[in-house]
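The structure under discussion appears below in the form of C-alpha cells.
The values are calculated or read from the model by the stated rules, or taken from the named source; none is laboratory data. Only a predicted model underlies this, so the values are computations on that prediction, with no experimental measurement involved. Here Cβ is always computed from backbone atoms with ideal geometry, including for glycine, and neighbour counts include all displayed protein chains. Side chains included, ligands, DNA and RNA excluded: accessible areas come from the protein's heavy atoms. Shrake-Rupley method; radii C 1.70, N 1.55, O 1.52, S 1.80 Å.
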Amino acid sequence: MLSGLTLAQVALLLAGGVLLDLLLGEARRFHPLVGFGNLANRIERTLNRGQGRFARGVLAWVLAVLPLAALGALLCFRAGLAAHAVLLYFCLGFRSLRDHNLPIAQALDSGDLAQARLLTARIVSRDTASASEADLAKASAESLLENGNDAVFGTLFWFVVAGGAGALLFRLANTLDAMWGYKSTRFLQFGWAAARIDDVLNYVPARLTALSYVLLADHRRAAWECWRAQAPGWPSPNAGPVMASGAGALGLALGGSATYDGVAEQRPPLGRGRAAQAGDIARAWKLVRTTALLWLGVAAAAALLTGAIHA
C-alpha cells in the first residue's frame, strides 16, 4: 500500500472513519467539500474562457486537486494515524445517503408527494415538479446505487491504496467531475480532463462495487446478466456497471425516461422487473449498507490472515 499503513491499521482506520461518519454525519457549519466546491467555482470562472480550453481544464484540475491532496498527505505524515481516519470521515458520504434518501420514502409512504418531490430535487438534477411516486422512487434508488460507489466505496478503495490522502484525492476528483464533467457548450472542452480523470480513478472501484452488488443481490443471476448486457449502453463507463448490477440485484426496472430542464430524455434501461416503489428506497439503502459491511469485513479478514501468516 502506497500509504505505508499495515493491513491491520487500514482495517481499523476504515472502521473508524465509517463509524465517525455514522455518528457525526455531514459537518453542519462548514463541510470541506462545500468549501472545495466554492474554490472550484472560482477557478472555473477564471480559467474557463478564451482559447485552449482543454489545456485550461487540465490546469484547473491540477490547481484545484493536487495542492489539497498534497496537504492531506502532509497532514497524515505529521499528525499520524488519527489524521487518516479524520480525512476518511470528511470524504465519506455514507450516512448522508441514508439521511437524504430515507425521508423521501417516508414522505411517499405518508402520501406527501409535494415533500417527496422537494426532497428528491435536493439529490438529483432531473426535474421533479410533476414527478409521480414511481418517478421519485426510481430517482432515489438510482441515486443510492450510483452514489454508493461515488460517495462510499470509491473512497474506501482509494483509502486502502493511499490512505487519507488517497481518499481525499478521489473525492476531490469525483466532485470536479460532478461540477465540470458535462457535455454542454460551457464544459465540453474545459471539463474533459475532470471527466476522464474521474473515469480512470473510478474504473476499479466501480467494478468492485458492481461485483459486491451481485454477490449480495436478492436476484444474483439477474444482477450479473444486467451488468453484462446493459452497462455498455450507459453513457458513463463506471455508472453503467454499478447501476445495472444494482437494479438487477433489487429486481427493479430503472433507467428509462427522465426529464432534465424541461426536456424528456430516454436513457438506456437498467435492471429488470417491476417499477420502483417507495419501499424500494430502503431496499437500495440496505444493499449499500450491506456492501459497506462486506468491504469492512474483507479488510478485517485480510488483516487477520496476514497477521496469522506472519505470527
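Restricting the search to helices (runs of 4 or more DSSP H) fully inside region 1-86 and requiring at least 1 residues that are touching a residue at least 24 places away in the same chain (Cβ under 8 Å) and closer than 17 Å to M179 by Cα gives 32-47, 53-79. Selection within region 189-214: residues that are of a type in the set (A, V, I, L, M, F, W, C), open to solvent by less than 90 Å² (accessible area, probe 1.4 Å) and out of contact with any helix residue (DSSP H, G or I) (no Cβ under 6 Å at 6 or more places or on another chain). The member of this set that is nearest to G57 (Cα to Cα) is V204. So for region 285-297 (the condition being assigned to a loop (DSSP other than H, G, I, E, B) and either open to solvent by 50 Å² or more (accessible area, probe 1.4 Å) or touching a strand residue (DSSP E or B) at 6+ places or on another chain (Cβ under 9 Å) (or both)), does at least one residue qualify? No, region 285-297 contains no residue that is assigned to a loop (DSSP other than H, G, I, E, B) and either open to solvent by 50 Å² or more (accessible area, probe 1.4 Å) or touching a strand residue (DSSP E or B) at 6+ places or on another chain (Cβ under 9 Å) (or both). Across region 133-176, the qualifying residues are those that are acidic (D, E) and crowded, with 23+ Cβ neighbours inside 10 Å, and the one among them that is farthest from L75 (Cα to Cα) is E142. Is it the case that some residue within region 120-132 is aliphatic (A, V, I, L, M) and in contact with a Lys or Arg (Cβ under 8 Å, 6 or more places away or on another chain)? Yes: region 120-132 contains one or more residues that are aliphatic (A, V, I, L, M) and in contact with a Lys or Arg (Cβ under 8 Å, 6 or more places away or on another chain). When Y182, Y203, Y213 are screened for being of a type in the set (F, W, Y) and not in a helix (DSSP H, G or I), only Y182 passes. The single condition among (1) touching a residue at least 24 places away in the same chain (Cβ under 8 Å); (2) among the charged types (D, E, K, R); (3) assigned to a helix (DSSP H, G or I); (4) in contact with a Gly (Cβ under 9 Å, 6 or more places away or on another chain) that D177 does not satisfy is (1). Taking the criterion of being open to solvent by less than 50 Å² (accessible area, probe 1.4 Å) and not in a helix (DSSP H, G or I), the residues of region 91-131 that qualify are L92, G93, I123, V124, R126, T128, A131. Does F170 meet the test of being in a loop (DSSP other than H, G, I, E, B) and either modelled with pLDDT of 95 or more or in contact with a strand residue (DSSP E or B) (Cβ under 6 Å, 6 or more places away or on another chain) (or both)? For F170, the condition - in a loop (DSSP other than H, G, I, E, B) and either modelled with pLDDT of 95 or more or in contact with a strand residue (DSSP E or B) (Cβ under 6 Å, 6 or more places away or on another chain) (or both) - is not met.
Filtering region 215-239 to residues that are under 15 Å from the mean Cα position of the chain (by Cα) and buried (at least 23 other Cβ atoms within 10 Å of the Cβ) leaves only N238.
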